[in-house]
4 protein chains.
Amino acid sequence: MTTRDETTAATLDADPVQGHGYTANKEAYLRRLKRIEGQVRGIARMVDEDKYCIDILTQVSAVTKALHAVSLGLVEEHIGHCVVGAASEPDPDLRAEAIDVKVKEAADAIGRLLR
Amino acid sequence: MTTRDETTAATLDADPVQGHGYTANKEAYLRRLKRIEGQVRGIARMVDEDKYCIDILTQVSAVTKALHAVSLGLVEEHIGHCVVGAASEPDPDLRAEAIDVKVKEAADAIGRLLR
Amino acid sequence: MTTRDETTAATLDADPVQGHGYTANKEAYLRRLKRIEGQVRGIARMVDEDKYCIDILTQVSAVTKALHAVSLGLVEEHIGHCVVGAASEPDPDLRAEAIDVKVKEAADAIGRLLR
Amino acid sequence: MTTRDETTAATLDADPVQGHGYTANKEAYLRRLKRIEGQVRGIARMVDEDKYCIDILTQVSAVTKALHAVSLGLVEEHIGHCVVGAASEPDPDLRAEAIDVKVKEAADAIGRLLR
(Lines give C-alpha, C1' and ligand atoms only; values in the text may rest on other atoms or scores of the structure.)
Protein backbone atom coordinates (compact mmCIF):
# COMPACT_ATOMS: atom_id res chain seq x y z
CA MET A 1 0.00 0.00 0.00
CA THR A 2 1.27 3.44 -0.82
CA THR A 3 0.15 4.92 2.50
CA ARG A 4 2.38 2.57 4.45
CA ASP A 5 5.31 2.91 2.11
CA GLU A 6 5.19 6.68 2.36
CA THR A 7 5.00 6.52 6.13
CA THR A 8 7.86 4.06 6.18
CA ALA A 9 9.93 6.33 4.02
CA ALA A 10 9.07 9.23 6.32
CA THR A 11 10.16 7.25 9.35
CA LEU A 12 13.41 6.28 7.70
CA ASP A 13 14.07 9.83 6.55
CA ALA A 14 13.43 11.11 10.04
CA ASP A 15 15.79 8.61 11.59
CA PRO A 16 18.27 7.14 9.12
CA VAL A 17 20.74 5.94 11.73
CA GLN A 18 18.47 3.96 14.01
CA GLY A 19 16.68 2.13 11.21
CA HIS A 20 13.75 -0.05 12.30
CA GLY A 21 12.76 -1.01 15.80
CA TYR A 22 14.47 -4.36 15.50
CA THR A 23 17.75 -3.07 14.02
CA ALA A 24 19.46 -2.93 17.43
CA ASN A 25 18.69 -6.62 17.90
CA LYS A 26 19.30 -7.62 14.29
CA GLU A 27 22.03 -10.13 15.07
CA ALA A 28 19.90 -11.75 17.78
CA TYR A 29 16.97 -12.08 15.35
CA LEU A 30 19.19 -13.58 12.67
CA ARG A 31 20.54 -16.13 15.15
CA ARG A 32 17.01 -17.07 16.27
CA LEU A 33 15.79 -17.43 12.69
CA LYS A 34 18.86 -19.53 11.83
CA ARG A 35 17.97 -21.83 14.74
CA ILE A 36 14.32 -22.02 13.62
CA GLU A 37 15.45 -22.87 10.09
CA GLY A 38 17.54 -25.70 11.56
CA GLN A 39 14.57 -26.91 13.59
CA VAL A 40 12.38 -27.04 10.46
CA ARG A 41 15.12 -29.02 8.70
CA GLY A 42 15.18 -31.35 11.72
CA ILE A 43 11.44 -31.93 11.39
CA ALA A 44 11.86 -32.83 7.71
CA ARG A 45 14.57 -35.29 8.75
CA MET A 46 12.20 -36.84 11.32
CA VAL A 47 9.53 -37.28 8.62
CA ASP A 48 12.12 -38.75 6.27
CA GLU A 49 13.23 -41.23 8.96
CA ASP A 50 9.59 -42.20 9.73
CA LYS A 51 9.76 -40.95 13.31
CA TYR A 52 6.65 -41.23 15.47
CA CYS A 53 4.02 -38.64 14.49
CA ILE A 54 3.53 -37.37 18.06
CA ASP A 55 7.26 -36.66 18.39
CA ILE A 56 7.14 -34.72 15.12
CA LEU A 57 4.12 -32.76 16.40
CA THR A 58 6.07 -31.85 19.55
CA GLN A 59 8.82 -30.37 17.38
CA VAL A 60 6.33 -28.49 15.19
CA SER A 61 4.82 -26.98 18.35
CA ALA A 62 8.30 -25.92 19.49
CA VAL A 63 8.95 -24.15 16.16
CA THR A 64 5.53 -22.45 16.28
CA LYS A 65 6.35 -21.24 19.79
CA ALA A 66 9.75 -19.94 18.68
CA LEU A 67 8.08 -18.07 15.80
CA HIS A 68 5.54 -16.59 18.21
CA ALA A 69 8.43 -15.30 20.33
CA VAL A 70 10.02 -13.69 17.25
CA SER A 71 6.65 -12.13 16.31
CA LEU A 72 6.16 -10.80 19.80
CA GLY A 73 9.61 -9.21 19.75
CA LEU A 74 8.91 -7.56 16.39
CA VAL A 75 5.50 -6.31 17.55
CA GLU A 76 7.01 -4.89 20.75
CA GLU A 77 9.67 -3.09 18.74
CA HIS A 78 7.12 -1.84 16.21
CA ILE A 79 5.10 -0.32 19.04
CA GLY A 80 8.10 1.11 20.86
CA HIS A 81 9.71 2.44 17.70
CA CYS A 82 7.22 3.07 14.91
CA VAL A 83 4.16 4.02 17.01
CA VAL A 84 6.19 6.10 19.44
CA GLY A 85 8.07 7.62 16.48
CA ALA A 86 4.78 8.67 14.92
CA ALA A 87 3.69 10.17 18.25
CA SER A 88 6.84 12.34 18.23
CA GLU A 89 6.05 13.96 14.89
CA PRO A 90 5.96 17.74 15.62
CA ASP A 91 3.20 18.71 13.14
CA PRO A 92 -0.07 17.80 14.94
CA ASP A 93 -1.99 16.94 11.74
CA LEU A 94 0.73 14.71 10.35
CA ARG A 95 1.15 13.24 13.84
CA ALA A 96 -2.51 12.21 14.22
CA GLU A 97 -2.44 10.57 10.81
CA ALA A 98 0.91 8.85 11.36
CA ILE A 99 -0.26 7.48 14.72
CA ASP A 100 -3.45 6.12 13.13
CA VAL A 101 -1.47 4.38 10.40
CA LYS A 102 1.06 2.82 12.78
CA VAL A 103 -1.49 1.71 15.39
CA LYS A 104 -3.68 0.19 12.66
CA GLU A 105 -0.66 -1.65 11.24
CA ALA A 106 0.21 -3.02 14.67
CA ALA A 107 -3.36 -4.15 15.33
CA ASP A 108 -3.63 -5.80 11.90
CA ALA A 109 -0.34 -7.62 12.45
CA ILE A 110 -1.45 -8.82 15.92
CA GLY A 111 -4.78 -9.92 14.40
CA ARG A 112 -2.91 -12.01 11.83
CA LEU A 113 -0.86 -13.60 14.63
CA LEU A 114 -4.02 -14.49 16.58
CA ARG A 115 -5.61 -16.22 13.60
CA MET B 1 8.88 -41.80 28.06
CA THR B 2 9.03 -45.58 28.11
CA THR B 3 5.26 -45.98 27.91
CA ARG B 4 5.08 -44.19 24.60
CA ASP B 5 8.17 -45.83 23.16
CA GLU B 6 6.82 -49.26 23.96
CA THR B 7 3.51 -48.42 22.34
CA THR B 8 5.32 -47.04 19.32
CA ALA B 9 7.36 -50.19 19.02
CA ALA B 10 4.17 -52.25 19.35
CA THR B 11 2.51 -50.25 16.60
CA LEU B 12 5.48 -50.67 14.30
CA ASP B 13 5.74 -54.38 15.05
CA ALA B 14 2.07 -54.83 14.37
CA ASP B 15 2.20 -53.06 11.07
CA PRO B 16 5.70 -52.80 9.56
CA VAL B 17 4.53 -52.15 6.02
CA GLN B 18 2.12 -49.28 6.52
CA GLY B 19 4.43 -47.34 8.86
CA HIS B 20 2.93 -44.23 10.44
CA GLY B 21 -0.21 -42.40 9.50
CA TYR B 22 1.70 -39.83 7.50
CA THR B 23 3.87 -42.30 5.56
CA ALA B 24 1.53 -42.31 2.56
CA ASN B 25 1.93 -38.53 2.30
CA LYS B 26 5.61 -38.43 3.23
CA GLU B 27 6.75 -36.77 0.01
CA ALA B 28 4.06 -34.11 0.33
CA TYR B 29 5.14 -33.38 3.94
CA LEU B 30 8.79 -33.15 2.91
CA ARG B 31 7.91 -30.70 0.13
CA ARG B 32 5.86 -28.56 2.51
CA LEU B 33 8.61 -28.53 5.13
CA LYS B 34 11.17 -27.63 2.43
CA ARG B 35 8.99 -24.68 1.46
CA ILE B 36 8.61 -23.61 5.12
CA GLU B 37 12.39 -23.82 5.56
CA GLY B 38 12.77 -21.53 2.54
CA GLN B 39 10.21 -19.11 3.99
CA VAL B 40 12.14 -18.94 7.28
CA ARG B 41 15.34 -18.23 5.31
CA GLY B 42 13.42 -15.52 3.45
CA ILE B 43 12.44 -13.91 6.77
CA ALA B 44 16.08 -13.90 7.88
CA ARG B 45 16.96 -12.20 4.60
CA MET B 46 14.29 -9.56 5.20
CA VAL B 47 15.74 -8.87 8.66
CA ASP B 48 19.23 -8.72 7.19
CA GLU B 49 18.08 -6.21 4.54
CA ASP B 50 16.28 -4.07 7.18
CA LYS B 51 12.85 -4.61 5.67
CA TYR B 52 9.85 -3.01 7.34
CA CYS B 53 8.91 -4.84 10.57
CA ILE B 54 5.23 -5.19 9.63
CA ASP B 55 6.16 -6.90 6.35
CA ILE B 56 8.38 -9.30 8.30
CA LEU B 57 5.51 -9.99 10.72
CA THR B 58 3.24 -10.83 7.78
CA GLN B 59 5.75 -13.44 6.62
CA VAL B 60 6.13 -14.86 10.15
CA SER B 61 2.33 -15.24 10.32
CA ALA B 62 2.36 -17.05 6.98
CA VAL B 63 4.97 -19.53 8.26
CA THR B 64 3.03 -20.07 11.50
CA LYS B 65 -0.08 -20.78 9.43
CA ALA B 66 1.82 -23.24 7.21
CA LEU B 67 3.11 -25.02 10.32
CA HIS B 68 -0.42 -25.19 11.72
CA ALA B 69 -1.53 -26.88 8.50
CA VAL B 70 1.28 -29.42 8.82
CA SER B 71 0.33 -30.05 12.48
CA LEU B 72 -3.30 -30.50 11.59
CA GLY B 73 -2.41 -33.02 8.89
CA LEU B 74 -0.25 -34.99 11.34
CA VAL B 75 -2.96 -34.91 14.04
CA GLU B 76 -5.58 -36.10 11.54
CA GLU B 77 -3.34 -38.95 10.47
CA HIS B 78 -2.50 -39.83 14.07
CA ILE B 79 -6.21 -40.09 14.85
CA GLY B 80 -7.07 -42.00 11.68
CA HIS B 81 -4.11 -44.34 11.95
CA CYS B 82 -2.81 -44.70 15.53
CA VAL B 83 -6.11 -44.26 17.42
CA VAL B 84 -8.07 -46.37 14.94
CA GLY B 85 -5.21 -48.91 14.94
CA ALA B 86 -5.45 -49.19 18.71
CA ALA B 87 -9.23 -49.64 18.45
CA SER B 88 -8.65 -52.62 16.12
CA GLU B 89 -6.51 -54.52 18.64
CA PRO B 90 -8.31 -57.89 19.11
CA ASP B 91 -7.50 -58.42 22.83
CA PRO B 92 -10.06 -56.25 24.69
CA ASP B 93 -7.74 -55.46 27.64
CA LEU B 94 -4.82 -54.46 25.46
CA ARG B 95 -7.26 -52.55 23.24
CA ALA B 96 -8.70 -50.44 26.06
CA GLU B 97 -5.20 -49.54 27.23
CA ALA B 98 -3.87 -48.85 23.72
CA ILE B 99 -6.85 -46.59 22.96
CA ASP B 100 -6.29 -44.66 26.20
CA VAL B 101 -2.61 -44.13 25.38
CA LYS B 102 -3.25 -43.02 21.78
CA VAL B 103 -6.18 -40.71 22.62
CA LYS B 104 -4.19 -39.14 25.47
CA GLU B 105 -1.22 -38.58 23.14
CA ALA B 106 -3.46 -36.94 20.56
CA ALA B 107 -5.09 -34.68 23.17
CA ASP B 108 -1.71 -33.70 24.64
CA ALA B 109 -0.37 -32.89 21.17
CA ILE B 110 -3.44 -30.78 20.34
CA GLY B 111 -3.10 -29.05 23.72
CA ARG B 112 0.49 -28.11 22.84
CA LEU B 113 -0.68 -26.73 19.47
CA LEU B 114 -3.34 -24.58 21.19
CA ARG B 115 -0.81 -23.04 23.56
CA MET C 1 -24.87 -31.52 6.89
CA THR C 2 -26.97 -34.59 6.37
CA THR C 3 -23.96 -36.92 6.41
CA ARG C 4 -23.05 -35.91 9.93
CA ASP C 5 -26.61 -35.95 11.20
CA GLU C 6 -27.12 -39.45 9.88
CA THR C 7 -23.89 -40.63 11.48
CA THR C 8 -24.85 -38.94 14.72
CA ALA C 9 -28.21 -40.64 14.67
CA ALA C 10 -26.51 -43.95 13.96
CA THR C 11 -24.14 -43.46 16.90
CA LEU C 12 -27.00 -42.61 19.22
CA ASP C 13 -29.05 -45.57 18.01
CA ALA C 14 -26.14 -47.89 18.50
CA ASP C 15 -25.49 -46.65 22.00
CA PRO C 16 -28.48 -44.91 23.57
CA VAL C 17 -27.33 -45.29 27.17
CA GLN C 18 -23.80 -43.89 26.97
CA GLY C 19 -24.79 -40.86 24.92
CA HIS C 20 -21.88 -38.68 23.75
CA GLY C 21 -18.28 -38.82 24.84
CA TYR C 22 -18.75 -35.95 27.27
CA THR C 23 -21.93 -37.29 28.90
CA ALA C 24 -20.04 -38.92 31.78
CA ASN C 25 -18.52 -35.51 32.59
CA LYS C 26 -21.63 -33.47 31.85
CA GLU C 27 -21.92 -31.97 35.32
CA ALA C 28 -18.25 -30.97 35.30
CA TYR C 29 -18.67 -29.27 31.89
CA LEU C 30 -21.77 -27.42 33.06
CA ARG C 31 -19.89 -26.18 36.14
CA ARG C 32 -16.94 -25.02 34.02
CA LEU C 33 -19.21 -23.22 31.56
CA LYS C 34 -21.11 -21.59 34.45
CA ARG C 35 -17.78 -20.31 35.77
CA ILE C 36 -16.78 -19.02 32.30
CA GLU C 37 -20.14 -17.27 31.98
CA GLY C 38 -19.44 -15.57 35.33
CA GLN C 39 -15.97 -14.57 34.14
CA VAL C 40 -17.41 -12.96 31.00
CA ARG C 41 -19.92 -11.06 33.17
CA GLY C 42 -16.98 -9.97 35.35
CA ILE C 43 -15.18 -8.58 32.28
CA ALA C 44 -18.29 -6.60 31.32
CA ARG C 45 -18.35 -5.20 34.87
CA MET C 46 -14.68 -4.18 34.54
CA VAL C 47 -15.44 -2.35 31.29
CA ASP C 48 -18.48 -0.70 32.91
CA GLU C 49 -16.33 0.46 35.85
CA ASP C 50 -13.61 1.81 33.51
CA LYS C 51 -10.95 -0.60 34.77
CA TYR C 52 -7.50 -0.46 33.24
CA CYS C 53 -7.45 -1.99 29.72
CA ILE C 54 -4.48 -4.28 30.46
CA ASP C 55 -6.27 -5.77 33.47
CA ILE C 56 -9.30 -6.42 31.28
CA LEU C 57 -7.06 -8.07 28.67
CA THR C 58 -5.63 -10.35 31.35
CA GLN C 59 -9.14 -11.53 32.20
CA VAL C 60 -10.04 -12.01 28.53
CA SER C 61 -6.93 -14.20 28.14
CA ALA C 62 -8.01 -16.24 31.18
CA VAL C 63 -11.45 -16.87 29.64
CA THR C 64 -9.91 -17.80 26.29
CA LYS C 65 -7.64 -20.28 28.11
CA ALA C 66 -10.60 -21.76 30.01
CA LEU C 67 -12.49 -22.18 26.72
CA HIS C 68 -9.45 -23.87 25.17
CA ALA C 69 -9.45 -26.33 28.07
CA VAL C 70 -13.15 -27.07 27.48
CA SER C 71 -12.49 -27.54 23.74
CA LEU C 72 -9.60 -29.84 24.41
CA GLY C 73 -11.73 -31.98 26.73
CA LEU C 74 -14.48 -32.22 24.11
CA VAL C 75 -11.99 -33.09 21.36
CA GLU C 76 -10.39 -35.77 23.54
CA GLU C 77 -13.80 -37.27 24.27
CA HIS C 78 -14.82 -37.07 20.61
CA ILE C 79 -11.71 -39.02 19.66
CA GLY C 80 -12.04 -41.55 22.48
CA HIS C 81 -15.76 -42.04 21.97
CA CYS C 82 -16.92 -41.19 18.44
CA VAL C 83 -13.76 -42.16 16.50
CA VAL C 84 -13.21 -45.29 18.56
CA GLY C 85 -16.94 -46.05 18.30
CA ALA C 86 -16.71 -45.86 14.52
CA ALA C 87 -13.67 -48.15 14.57
CA SER C 88 -15.75 -50.75 16.46
CA GLU C 89 -18.44 -50.95 13.77
CA PRO C 90 -18.53 -54.66 12.73
CA ASP C 91 -19.35 -54.15 9.02
CA PRO C 92 -15.98 -53.28 7.40
CA ASP C 93 -17.48 -51.03 4.70
CA LEU C 94 -19.61 -49.05 7.12
CA ARG C 95 -16.63 -48.96 9.49
CA ALA C 96 -14.23 -47.42 6.96
CA GLU C 97 -16.78 -44.77 6.08
CA ALA C 98 -17.73 -44.05 9.70
CA ILE C 99 -14.04 -43.69 10.66
CA ASP C 100 -13.45 -41.27 7.77
CA VAL C 101 -16.42 -39.13 8.81
CA LYS C 102 -15.44 -39.01 12.50
CA VAL C 103 -11.72 -38.37 11.89
CA LYS C 104 -12.56 -35.61 9.40
CA GLU C 105 -14.95 -34.02 11.90
CA ALA C 106 -12.27 -34.10 14.60
CA ALA C 107 -9.65 -32.58 12.29
CA ASP C 108 -12.04 -29.86 11.13
CA ALA C 109 -12.94 -29.01 14.73
CA ILE C 110 -9.25 -28.86 15.73
CA GLY C 111 -8.57 -26.70 12.66
CA ARG C 112 -11.25 -24.26 13.81
CA LEU C 113 -9.68 -24.14 17.28
CA LEU C 114 -6.26 -23.37 15.81
CA ARG C 115 -7.60 -20.44 13.77
CA MET D 1 2.01 -3.93 40.69
CA THR D 2 2.63 -0.48 42.06
CA THR D 3 4.52 0.67 38.96
CA ARG D 4 1.55 0.07 36.73
CA ASP D 5 -0.99 1.50 39.17
CA GLU D 6 1.03 4.68 39.52
CA THR D 7 1.32 5.03 35.77
CA THR D 8 -2.38 4.38 35.39
CA ALA D 9 -3.16 6.99 37.99
CA ALA D 10 -0.83 9.40 36.17
CA THR D 11 -2.58 8.75 32.88
CA LEU D 12 -5.99 9.26 34.42
CA ASP D 13 -4.86 12.44 36.19
CA ALA D 14 -3.45 13.75 32.97
CA ASP D 15 -6.65 13.08 31.09
CA PRO D 16 -9.65 12.63 33.39
CA VAL D 17 -12.27 13.24 30.72
CA GLN D 18 -11.17 10.80 28.04
CA GLY D 19 -10.68 7.88 30.44
CA HIS D 20 -9.18 4.75 28.92
CA GLY D 21 -8.69 3.96 25.27
CA TYR D 22 -11.86 1.90 25.15
CA THR D 23 -14.10 4.43 26.92
CA ALA D 24 -15.37 5.91 23.66
CA ASN D 25 -16.52 2.43 22.61
CA LYS D 26 -17.69 1.31 26.05
CA GLU D 27 -21.28 0.65 25.01
CA ALA D 28 -20.15 -1.39 22.03
CA TYR D 29 -17.85 -3.49 24.24
CA LEU D 30 -20.64 -4.07 26.77
CA ARG D 31 -22.96 -5.22 23.98
CA ARG D 32 -20.34 -7.58 22.59
CA LEU D 33 -19.61 -9.04 26.02
CA LYS D 34 -23.35 -9.45 26.68
CA ARG D 35 -23.61 -11.41 23.43
CA ILE D 36 -20.58 -13.56 24.36
CA GLU D 37 -22.14 -14.26 27.77
CA GLY D 38 -25.29 -15.42 25.97
CA GLN D 39 -23.22 -17.62 23.66
CA VAL D 40 -21.53 -19.29 26.66
CA ARG D 41 -24.96 -19.90 28.22
CA GLY D 42 -26.05 -21.39 24.88
CA ILE D 43 -23.10 -23.80 24.97
CA ALA D 44 -24.06 -24.91 28.49
CA ARG D 45 -27.61 -25.53 27.21
CA MET D 46 -26.20 -27.64 24.33
CA VAL D 47 -24.22 -29.74 26.83
CA ASP D 48 -27.30 -30.07 29.05
CA GLU D 49 -29.38 -31.24 26.07
CA ASP D 50 -26.68 -33.76 25.01
CA LYS D 51 -26.05 -32.07 21.68
CA TYR D 52 -23.40 -33.51 19.38
CA CYS D 53 -19.86 -32.75 20.64
CA ILE D 54 -18.68 -31.38 17.29
CA ASP D 55 -21.55 -28.88 17.19
CA ILE D 56 -20.60 -27.76 20.71
CA LEU D 57 -16.98 -27.39 19.61
CA THR D 58 -18.08 -25.18 16.71
CA GLN D 59 -19.82 -22.88 19.18
CA VAL D 60 -16.81 -22.83 21.51
CA SER D 61 -14.61 -21.81 18.56
CA ALA D 62 -17.07 -19.01 17.75
CA VAL D 63 -16.86 -17.67 21.32
CA THR D 64 -13.06 -17.89 21.31
CA LYS D 65 -13.02 -15.92 18.06
CA ALA D 66 -15.38 -13.29 19.49
CA LEU D 67 -13.11 -12.95 22.54
CA HIS D 68 -10.08 -12.57 20.27
CA ALA D 69 -11.86 -9.72 18.51
CA VAL D 70 -12.54 -8.04 21.85
CA SER D 71 -8.89 -8.50 22.87
CA LEU D 72 -7.66 -7.09 19.61
CA GLY D 73 -9.86 -4.01 20.03
CA LEU D 74 -8.56 -3.46 23.56
CA VAL D 75 -4.94 -3.90 22.45
CA GLU D 76 -5.41 -1.47 19.59
CA GLU D 77 -6.90 1.09 21.94
CA HIS D 78 -4.17 0.51 24.51
CA ILE D 79 -1.55 1.22 21.86
CA GLY D 80 -3.36 4.21 20.41
CA HIS D 81 -4.22 5.70 23.78
CA CYS D 82 -1.84 4.57 26.54
CA VAL D 83 1.35 4.16 24.49
CA VAL D 84 0.73 7.31 22.47
CA GLY D 85 -0.26 9.10 25.71
CA ALA D 86 3.06 8.13 27.27
CA ALA D 87 4.90 9.37 24.15
CA SER D 88 3.24 12.78 24.61
CA GLU D 89 4.59 13.28 28.14
CA PRO D 90 6.59 16.57 27.97
CA ASP D 91 9.35 15.64 30.47
CA PRO D 92 11.80 13.51 28.44
CA ASP D 93 12.90 11.34 31.39
CA LEU D 94 9.36 10.59 32.53
CA ARG D 95 8.43 10.05 28.87
CA ALA D 96 11.09 7.43 28.21
CA GLU D 97 10.07 5.53 31.33
CA ALA D 98 6.33 5.83 30.66
CA ILE D 99 6.80 4.57 27.08
CA ASP D 100 8.82 1.59 28.32
CA VAL D 101 6.12 0.68 30.85
CA LYS D 102 3.26 0.97 28.35
CA VAL D 103 5.02 -0.84 25.51
CA LYS D 104 6.05 -3.65 27.89
CA GLU D 105 2.45 -3.96 29.14
CA ALA D 106 1.16 -4.16 25.57
CA ALA D 107 3.72 -6.81 24.61
CA ASP D 108 2.98 -8.86 27.74
CA ALA D 109 -0.75 -8.70 27.05
CA ILE D 110 -0.24 -9.75 23.42
CA GLY D 111 2.03 -12.57 24.61
CA ARG D 112 -0.75 -13.83 26.89
CA LEU D 113 -3.19 -13.73 23.97
CA LEU D 114 -0.83 -15.76 21.79
CA ARG D 115 -0.46 -18.47 24.40
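With each label modelled as a point 7 angstrom along the Cα→C-beta vector, the D:D108-A:E49 pair spans 4.1 nm.
A 1.4 Å probe run over the protein chains yields, for segment A:23-114, 42 Å² of accessible area per residue, whole-number rounding. Mind checking segment B:15-111 for GluC sites (Glu not before Pro) that DSSP puts in a loop (not H, G, I, E or B) and that have at most 12 other Cβ atoms within 10 Å? Sites meeting the loop and neighbour criteria: B:E49. Determine, from the Cβ-Cβ distance of B:A66 and B:D91 and an R0 of 30 Å, the FRET efficiency 1/(1 + (r/R0)^6), rounded to the nearest 0.05. That pair, B:A66 with B:D91, gives E of 0.15. Selection among C:T64, C:A86, C:A96 by position relative to the dipole of segment C:23-114 gives C:T64 as farthest towards the positive end (Cβ unit charges, Cα centre). Here segment C:23-114 has 51 percent of its accessible surface on carbon and sulfur atoms, given a 1.4 Å probe and all protein chains in place. For segment A:23-114, the normalised intensity computed at q = 0.11, 0.14, 0.19, 0.22 Å⁻¹ comes to -0.48, -0.65, -0.91, -1.04 (log10 of I(q)/I(0), Debye sum over alpha carbons, equal scatterers, no solvent). For the chain pair B and C, the buried solvent-accessible surface (1.4 Å probe, both sides summed) amounts to about 1700 Å². Per-residue mean of foreign Cβ neighbours for B:46-52 is 6 (Cβ atoms of other chains, 10 Å radius). Label sites at A:D100 and C:Q59, each approximated as a point 7 angstrom past Cα along Cα to Cβ, lie 3.1 nm apart.
Cross-link check: pairs A:K102/B:K51; A:K26/A:K104; C:K34/C:K104 evaluated at a Cα-Cα cut-off of 18 Å; pairs beyond the cut-off: A:K26/A:K104; C:K34/C:K104.
The values are calculated or read from the model by the stated rules, or taken from the named source; none is laboratory data. Keep in mind that this is a model prediction, so the values were computed, not measured. No Cβ is skipped: glycine too gets one built from the backbone with ideal geometry, and neighbour counts run over all protein chains shown. We work out accessible area using only protein heavy atoms, side chains counted, and drop any ligands, DNA or RNA first. Shrake-Rupley method; radii C 1.70, N 1.55, O 1.52, S 1.80 Å.
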